[in-house]
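Heads up: the structure comes next, in structure tokens.
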There are 2 protein chains.
Amino acid sequence: MKIVVDAMGGDHAPEVVVAGAVAEARERGTQIILVGQEARVRAELVKHGDVSKLPIEVMHASEVVEMAEHTLAVKAKRDSSLAVGMRLVKEGKADAFASAGNSGAVMAAALFGLGRIPGVERPAIGSIYPAAPAPCLLVDIGANADCKPDYLVQFAIMGHAYARVIFGIDQPTVGIVSNGEEADKGSTLVRETAPLLRASGLNFIGNVEGKDLGRGTATVVVTDGLTGNVIVKLTEGVVSFIAKTLKREFTRGFRNKLALILMVRKRVDWREIGGAPLLGVNGVVVIGHGRSDAKAIVNMIRMAEKSAQQDLVGVIQAELTARRKD
Amino acid sequence: MKIVVDAMGGDHAPEVVVAGAVAEARERGTQIILVGQEARVRAELVKHGDVSKLPIEVMHASEVVEMAEHTLAVKAKRDSSLAVGMRLVKEGKADAFASAGNSGAVMAAALFGLGRIPGVERPAIGSIYPAAPAPCLLVDIGANADCKPDYLVQFAIMGHAYARVIFGIDQPTVGIVSNGEEADKGSTLVRETAPLLRASGLNFIGNVEGKDLGRGTATVVVTDGLTGNVIVKLTEGVVSFIAKTLKREFTRGFRNKLALILMVRKRVDWREIGGAPLLGVNGVVVIGHGRSDAKAIVNMIRMAEKSAQQDLVGVIQAELTARRKD
């Protein structure tokens, strides 16, 4: 397995990306292709001692899609690390692509470079919801602010495939985000999607409320990209708020205050998870957090590697085909 | 000011409702009309010693709308505490209504008994967002799962009126929940509403992301009822998850563990807030949390009283009229 890592993606790229790639290659021998501006990448590599024996290649890409750039920049920059990286996957020279760059840009590059899995209406971004006692995949968290019932059904099928092969859960349950548990609650979108999910053959458990997301009520939870995005960012915001509150209130009195704050953060920490899988594009793509540090990069690479090893794309394709209403 | 309190509303009614009403009447002399099944209400009152001198009246209502009942029950039960209470407000015999009952039922009873403020398209439920450093009102949190741009603009105007008279903020800022700060982010609803808000004369600051809700980015934040409901319940869920995690991890080692958990809960505690204002109906209505204890009931009554004292309905009416495009 060879994993393409976007050396230029992320708020602290290429520094932390290279550091994460080196750490992962050293620790587990993972084969990595670092794509980016070669001189800058090599300047980072030399900071990590002797890397000549590590299974790391560097592939030059002259252009960079900046974090704040519009996704249109992706199309214009044909020699960006995103474009070059996707081509490596498309041409079979690598098995997965991972980037902590702008998620919209990564998605656009994936669509442009890899295309969709046949039959997929809209690719979606999944997110492993951190504040839950059991693995929980939320789809979509931002790729599709406006959704149709058919999209959500496909999100559920793709999420179901992910939960089976990556979480290793045989019979993942599926829920849909709504403003109440009762079947008559929800927007028109939710009320039109629920019967389709019920008829899909998936293990659909119905509506999932905001308070239930952190209870592991369903393995796969589908929602439109606006609501999903709000859920993920709000969770981060609340955790951050509580950590700050603890810090302020316990300036004195708790000797282990710092340990406590770190613990709160760690329990609900995207760094531990590594990234968000991009589901529905014709190749393994993982999007890391823009604020990734080296540890988060390591976990992002591992998520990409595992997805490739488990043939996530093939499994999604097979589930979509099996569940297609003809 | 006389406040009608629904003695039968809430998971622990009438016990905690009566306890809260007695506490409030004792402490601040607030005039309260307890509406509900008289025998049950009086049976609770006698538990609190001599209440004969307190400014509490009891008004009999033979029927009860149960927490789990469909809102249609509201129409059928013409002698419920909800129906009787709303009539007292409608007829000018009381100044505000407060209930910790089923929010859908309270809303239905308010629409049926009080009607809308002239010009209001859809009443909405506001919620004071607890995990923020500054007062923040989120509208809607569940009354309208499907929204149109015009509804959201009215939510903003009503929330603006609330923030002025209840928060006492002269120039409240207004934001809209979206999946990104940039103006091109958001669902069709968000992208169609934003220009209307920008043209409304309100102090519109643009899109608010999930992570910004807890930062006091905007005083009034509008969203559809599904997303708003998820935001409120998710925040509760995350706080509960963190409190449980702290409890489990620090069974030993922290002597002040309990104080710590209580502190986390208190910082993000709906009990301190008391209730959610129902905005747009032609009378002051506050909806308390179903799980309210006596302290939450006290705060719910105070919110209702303050809203009546500040003539919230009149102020909303005036702002709607002033901002109407003719």
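Values in this text are rule-based calculations from the coordinates and carry no lab data. What you are looking at is a predicted structure, and each value in this text was computed from that prediction instead of being measured. FYI the Cβ positions are ideal-geometry reconstructions off the backbone, even for glycines, and counts take in every protein chain you see.
Neighbours of A:Val65, meaning other residues whose beta-carbon lies under 14 angstrom from its beta-carbon, give a summed charge of -3 when Lys and Arg score +1 and Asp and Glu score -1. Return the whole-Å distance between the Cα centroid of the stretch A:113-189 and the Cα centroid of the stretch A:22-59. Distance between centres, Cα-based: 35 Å. For peptide A:221-232, the mean count of partner chain Cβ atoms within 10 Å of a residue's Cβ comes to 6.
Cβ crowding within 10 Å ranks B:Thr188, A:Thr219 as B:Thr188, A:Thr219, fewest other Cβ atoms first.
With r defined as the distance between the Cβ atoms of A:Lys93 and A:Asp11 and R0 fixed at 25 Å, what FRET efficiency is calculated, to the nearest 0.05?
Values: r = 28 Å, r/R0 = 1.12.
Taking R0 as 25 Å, the efficiency between A:Lys93 and A:Asp11 is 0.35.
Say we join alpha carbon atoms closer than 10 Å with springs in a Gaussian network model of chain A; which of A:Gly168, A:Gly159, A:Gly274 then has the biggest fluctuation? Sorting by GNM fluctuation, first place goes to A:Gly168. Just to be sure I understand: with springs between alpha-carbon atoms less than 10 Å apart, which residue in B:Pro14, B:Pro133, B:Pro123 has the highest mean-square fluctuation in the Gaussian network model of chain B? Fluctuation is largest for B:Pro133.
Counting only the Cα atoms, the protein assembly as shown fills a convex hull of 171 Å³ per residue. Annotation: the residues A:Ser200, A:Ser80, sorted from fewest to most other C-beta atoms within 10 Å of their own C-beta, follow the order A:Ser200, A:Ser80.
Kindly give Rg over Rh for the stretch A:1-151, based on alpha-carbon atoms, with the Kirkwood expression for the hydrodynamic radius.
1.00
Entry note, chain A: the mean residue ellipticity at 222 nm calculated from DSSP H runs of n ≥ 4, each adding -39500 (n - 2.57), is -13500 deg cm²/dmol after division by the residues and rounding to the nearest 500.
Got the relative contact order for chain B handy, in percent, Cα pairs under 8 Å and 6 or more residues apart?
Values: 706 pairs, mean separation 74.8, N = 326.
So the answer I get is 23 percent.
Summing Lys and Arg as +1 and Asp and Glu as -1 over all other residues whose Cβ lies under 12 Å from the Cβ of B:Ser81 gives a net charge of -1.
Scaling against 2.2 N^0.38 Å puts the C-alpha radius of gyration of the stretch A:138-204 at 1.10. When the alpha carbon gyration tensor of chain A is reduced to an equivalent ellipsoid, the three semi-axes, largest first, read 32, 26, 17 Å.
Computed over chain A with a Gaussian network model linking Cα atoms closer than 10 Å, the most mobile of A:Ala61, A:Ala161, A:Ala145 is A:Ala145. A:Asp146 sits among other residues whose Cβ lies under 15 Å from its own Cβ, and their net charge, with Lys and Arg +1 and Asp and Glu -1, is -4.
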